[in-house]
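A.B. asks: Have a look at the structure that comes next, please.
Derivation of every value follows stated rules applied to the coordinates shown; laboratory data play no part. Because the structure is predicted, anything quoted here is derived from the model rather than measured. With ideal geometry, Cβ positions are generated from the backbone for all residues, glycine too; neighbour counts draw on all protein chains shown.
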Amino acid sequence: MPKEKNKLLPSVADTIPVKHSSRIILSQSALHANIKFLRKQIGGKPIISLVVKANAYGHGMQQIVPMAEACGIEHFFVSSSYEAYEVRQTQTQNNTIVIMGILYDRDLPWIIQNNIEFFIFDLQKLRKAISVAKKVDRPTRVHLELETGGNRTGLPTKKLSQAVALIRKNKRHIRFSGLCTHLAGAEALANKFRIVRQIKEFDRITAQLKKRRTKPQLIHMANSSAALSLPKTTRDLVRIGVSAYGFWPSPDIYNLHLMRINKTRDNPLKRVLTWKTNIMHIKSVKKDEFIGYSTSYQATRKMKIAVIPVGYANGYPREMSNKGHVLIRGKKARITGLINMNLFMVDVTKIPGAKIGDEVVLIGRQNNNIITVSSFSEFSSALNTEFLSRLPTTIPRSVG
Ligand SMILES: *Cc1c(COP(=O)(O)O)cnc(C)c1O
């Protein structure tokens, strides 16, 4: 047999098969516009830190970190030490990184040696961090997260004296990088009575600390909602997540914005993410036939159906069964039947020319139509952030 064929075989065998069935495209200009808008709203002084927990709210940590750096962001919040590691791996400049959530003791040497900062909400962790800092001969950098009424994490007020004493006693081994709290639901006006109490409590404790001449480098409490609706919460730094990715935290916050600018419509926040795939298969279905599993969809007429190679295993919520749409050739195609593990069907009867390989927009714009992320939340009980943060990491992300 010809030699050439044999030569080709090994390289073909080495090829890794296509792993994914859809793709995510991220818009640098949208992220830029959002950060510019937020900076304008918040004013010049506070540092804008980007919260990139949960794979940057599902957008893709590897892409979002350099994109944010290009917008002038130098400060990031994550929820775990592995996420801090991911930021360090992808960053192109020396950023400040703060862990807000779980931090296992075994990670402390790495955390401290890499100048990574973290929230302290119990004395045990503080003592452990100091002892590791002594061992590795490098200061540990901590943010005291105060309990102010959120009753989630947060150092109880009665432990504060001890924490401060530990910080003062171990000056050489510790940097008091921040003093902070988290507001319990600043996105809803209905929670305002709680938020106001938290702010008061935070200010009371901060004043107490001042008297003891223990000064944190940064004071912070605001997330997107607080930063957009309660200017007095912005302090030295704001922890911005959802709004940087182009979403209003809630209708309340959006309506407040409209009231302020005295308009009925304005959309300065741009969606950063677009999600696409292609038609995998097309078929005709006779009237009265059922489509896909079960009897949940019966053709009311002769129909043309397109099969989409994305299912709940790929992050497409099963709650969208028989609801919602995708875009094909600029037109809305309705979901017919159940969302399966790796595929679902849509009605393309009224989309002339729809064929295998056509681009399908799952989230985003095609010609004059848009599928929004909030359309997913309308059909299910999921929050925008819940749906986004569940987009599998295996979907390839690119910057467009
Ligand atoms: C997630 C998170 C934020 C960011 O909140 P957004 O509403 O997305 O801006 C801020 N602070 C803490 C403690 C968080 O966990």
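A.B. asks: What nm distance separates the two modelled labels at R318 and K200, each placed 7 Å from Cα along Cα→Cβ?
C.D. replies: Using points 7 Å along Cα→Cβ, the separation is 4.7 nm.
A.B. asks: A follow-up question, please. Could you give me D for the chain, from Stokes-Einstein at 4 °C and 1.567 mPa s, where the hydrodynamic radius is the Kirkwood radius over C-alpha pairs? Units µm² s⁻¹, please.
C.D. replies: 55
A.B. asks: May I ask you to compute the full-extension gain from E359 to D14, defined as 0.36 nm times their residue separation minus their alpha-carbon distance, rounded to one decimal in nm?
C.D. replies: Working: separation 345, 0.36 × 345 = 124.20 nm, distance 2.87 nm.
Stretched out fully, the E359 to D14 stretch lengthens by 121.3 nm.
A.B. asks: Of the beta bridges DSSP finds with both residues in the chain, what % are antiparallel, to the nearest 5?
C.D. replies: Bridges in the chain that DSSP calls antiparallel: roughly 50 percent.
A.B. asks: In percent, what relative contact order does the range 41-145 have, based on Cα pairs under 8 Å that are 6 or more apart in sequence? Walk me through the intermediate numbers first.
C.D. replies: On the way: 141 pairs, mean separation 21.8, N = 105.
This gives 21 percent for the range 41-145.
A.B. asks: In the Gaussian network model of the chain, springs joining C-alpha atoms below 10 Å, which of V132, V272, V65 carries the largest mean-square fluctuation?
C.D. replies: Result for the chain, Cα springs under 10 Å: V132 fluctuates most.
A.B. asks: Roughly what angle does helix 81-90 make with the longest principal axis of the chain, taking Cα atoms, 0 to 90 degrees, to the nearest 10?
C.D. replies: For helix 81-90, the angle is close to 70 degrees.
A.B. asks: Evaluate the relative contact order of the range 140-260 (contact order divided by residue number), counting alpha-carbon pairs under 8 angstrom at least 6 apart; express in whole percent.
C.D. replies: Once normalised by length, the contact order is 23 percent.
A.B. asks: How far apart, in nanometres, would the label points at M341 and Q162 be if each is projected 7 angstrom from Cα along the Cα-to-Cβ direction?
C.D. replies: Result for the modelled spin labels: 5.0 nm.
A.B. asks: What do you get for the angle between helix 28-42 and the principal long axis of the chain? Use alpha-carbon atoms, 0 to 90 degrees, nearest ten.
C.D. replies: Compared with the principal axis, the helix lies near 40 degrees.
A.B. asks: Also, quick follow-up: Efficiency by 1/(1 + (r/R0)^6): what FRET value for R265 and R23, r their Cβ-Cβ distance, R0 = 25 Å, to the nearest 0.05?
C.D. replies: Efficiency, rounded to the nearest 0.05: 0.20.
A.B. asks: Okay, moving on. What's the angle, to the nearest 10 degrees (0 to 90), between helix 251-261's Cα axis and the longest principal axis of the chain?
C.D. replies: 80
A.B. asks: Please provide three numbers in whole Å: the alpha-carbon extents of the range 204-301 along the principal axes, with the largest listed first.
C.D. replies: For the range 204-301, the Cα spread along each principal axis is 79, 34, 24 Å.
A.B. asks: Something else now. Once the Cα gyration tensor of the range 105-172 is diagonalised, what are the square roots of 5 times its eigenvalues, in whole Å and ordered largest first, as equivalent ellipsoid semi-axes?
C.D. replies: So the three semi-axes of the range 105-172 are 21, 13, 9 Å.
A.B. asks: With a cap of 11 neighbouring Cβ atoms within 10 Å, and only residues DSSP puts in a loop, list the trypsin sites (Lys or Arg not before Pro) found in the range 249-356.
C.D. replies: Passing sites in the range 249-356 are K263, R265, K286, K287, R301.
A.B. asks: Under 5 Å between amide H atoms, partner at least 5 residues away or on a different chain: which partners does T140 have, H built in plane at 1.01 Å?
C.D. replies: I174, R175
A.B. asks: Here's another thing I want to ask about it. Measure of size requested: the Rg and Dmax of the range 15-151, with Cα atoms as the atom set and Å as the unit; please supply both.
C.D. replies: 17.2, 55
A.B. asks: Within the chain, what's the longest stretch lacking chymotrypsin sites (Phe, Trp or Tyr not before Pro) that sit in DSSP loops with no more than 13 other Cβ atoms inside 10 Å?
C.D. replies: 105-292
A.B. asks: Also, quick follow-up: What do you get for Rg/Rh of the range 264-400 when both radii come from the Cα atoms and Rh is the Kirkwood radius? Please report the intermediate quantities before stating the final value.
C.D. replies: Values: Rg = 15.0 Å, Rh = 15.5 Å.
So for the range 264-400, dividing Rg by the Kirkwood Rh gives 0.97.
A.B. asks: May I pose another question? Please give me the summed charge of the neighbours of S49: other residues whose Cβ is under 13 Å from its Cβ, Lys and Arg +1, Asp and Glu -1.
C.D. replies: That works out to 0.
A.B. asks: About the Cα centre of the chain, what is the dipole size in debye to 20, counting +1 per Lys and Arg Cβ and -1 per Asp and Glu Cβ, all else neutral? Please list the in-between numbers first.
C.D. replies: Working: 63 positive and 27 negative charges, 183 e Å.
With Lys and Arg at +1 and Asp and Glu at -1, about 880 debye.
A.B. asks: Let me ask another. Could you work out how far the C-alpha centroid of the range 155-198 sits from that of the range 223-297, in angstrom?
C.D. replies: When both Cα centres are located, 31 Å separates them.
A.B. asks: Taking R0 as 30 Å, what FRET efficiency do you get between Q41 and K192 from their Cβ-Cβ distance, rounded to the nearest 0.05?
C.D. replies: Efficiency at R0 = 30 Å is approximately 0.95.
A.B. asks: What percent do you get for the relative contact order of the range 241-311 when only Cα pairs under 8 Å and 6+ apart count?
C.D. replies: Value for the range 241-311: 26 percent.
A.B. asks: While we're here: Any idea how far the Cα center of the range 5-66 sits from the one of the range 350-379, in Å?
C.D. replies: 21
A.B. asks: Could you calculate the contour length gain from Y82 to K350, that is, 0.36 nm times the residue separation minus the distance between their Cα atoms, to one decimal place in nm?
C.D. replies: 91.7 nm
A.B. asks: For the residue pair N255 and K215, what label-to-label distance in nm results when each label sits 7 Å from Cα along the Cα-to-beta-carbon direction?
C.D. replies: Label-label distance for N255 and K215, simple model: 4.3 nm.
A.B. asks: For a paramagnetic label modelled at 7 Å from the Cα of V307 toward its Cβ, which residues of the range 347-377 fall within the zone defined by backbone nitrogen distances under 20 Å?
C.D. replies: Counting backbone N atoms under 20 Å from the label point, the list is 347-351, 353-362.
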